[in-house]
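Input: a single structure, listed below in structure tokens.
The values are calculated or read from the model by the stated rules, or taken from the named source; none is laboratory data. On a predicted model such as this, the values are computed, not experimentally measured, just so you know. Neighbour counts are summed over all protein chains in view; Cβ atoms, including those assigned to glycine, are modelled from backbone coordinates with ideal geometry.
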Amino acid sequence: MKFFIDTANLAHIEEANDLGILDGVTTNPSLMAKEGIKGEANILKHYADICALVDGDVSAEVLSTDYVSMVEEGKKLAAIHKNIVVKIPMIKDGIKAIKWFTDNGIRTNCTLVFSAGQAILAAKAGAAYVSPFIGRIDDSSWDGIALIEQLAHIFSVQGFNTEILAASIRNPLHIVRSAEAGAHICTCPLDSILGLLKHPLTDIGLAKFLEDAKKM
Ligand code: E4P
């Protein structure tokens, strides 16, 4: 399974990248706004800065919701760097736009996916990635991991090339369960990635080894 970091924060991206396990980055308008990125020129520059930091796919989301504008906006985003993947919302015009980008050699990430039907449509249109929002599904007392399992089954049976990108990750257990369920990629906040490191027995064991090492 590949690891993406889900942030527009350059320090977090650098820290995850320094671990040597980072395969890419996802952003969304909320994450960009959180970093105070405003105006078209600054937005494009921020994506270029992220691409300069990480050798992997960087999802950049369109802000428009009609087919023609999404195509125009996506073309500009894709022109920033070869690793940019245009992120398109799961709406009717979005599916048309994904098909246009597929036909024109531009990779897409279909976002805001909450059902198998939506994921099948995105895959049919040729999306490189489909992003089911695990945490938001769990927040509404449905089962996000069950959706990953269902998508892994459908995509395998149907031979879809689209990769399942588990998004809206809230904790390290979401990462483990997504891996188990067959997600190809997990996009996670830095805290959830670092949370994978934690086990009290590791800390206790290391303290004991270091203490005993003094007697060697
Ligand atoms: C990433 O592609 C998604 O936009 C992101 O994971 C959504 O996360 P959230 O539900 O925590 O906002």
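When residues in the stretch 84-96 are screened for being farther than 22 Å from I50 by Cβ and in contact with a strand residue (DSSP E or B) (Cβ under 7 Å, 6 or more places away or on another chain), 2 of them pass.
Considering only the stretch 81-97, state which residues are among the hydrophobic types (A, V, I, L, M, F, W, C) and farther than 17 Å from P29 by Cα. The answer is I95, A97.
One residue alone among A60, A97 is surrounded by 16 or more Cβ atoms within 10 Å (Cβ to Cβ), modelled with pLDDT of 95 or more, assigned to a helix (DSSP H, G or I) and not polar (S, T, N, Q), and that residue is A97. The residues in the stretch 1-12 that are closer than 27 Å to A181 by Cβ and more than 14 Å from the ligand (Cβ to nearest atom) can be counted, and the count is 1.
Taking the stretch 95-115 as the range and being under 18 Å from the mean Cα position of the chain (by Cα) and among the small types (G, A, S) as the test, only S115 passes.
Restricting the stretch 96-110 to residues that are under 21 Å from A166 (Cβ atoms) and hydrophobic (A, V, I, L, M, F, W, C), the residue that is farthest from the ligand (Cβ to nearest atom) is I98. Just to be sure, is D23 acidic (D, E), over 13 Å from A167 (Cβ atoms) and surrounded by fewer than 14 Cβ atoms within 10 Å (Cβ to Cβ)? Taking the combined requirement at face value, the residue does not satisfy it.
Inspection of the stretch 84-94 finds a residue satisfying the criterion of being among the charged types (D, E, K, R), surrounded by fewer than 16 Cβ atoms within 10 Å (Cβ to Cβ), part of a helix (DSSP H, G or I) and at pLDDT 95 or above. Counting the residues of the stretch 21-57 that are touching a Ser or Thr at 6+ places or on another chain (Cβ under 9 Å) and either within 11 Å of the ligand (Cβ to nearest atom) or in a helix (DSSP H, G or I) (or both) gives 10. For the stretch 181-207, the candidate set comprises residues that are in contact with a helix residue (DSSP H, G or I) (Cβ under 8 Å, 6 or more places away or on another chain) and in a helix (DSSP H, G or I); within that set, the residue that is surrounded by the fewest Cβ atoms within 10 Å (Cβ to Cβ) is G195. Scanning the stretch 138-157 turns up no residue that is within 12 Å of the ligand (Cβ to nearest atom), in contact (Cβ under 8 Å) with a residue 60 or more places away in the chain and not hydroxyl-bearing (S, T, Y).
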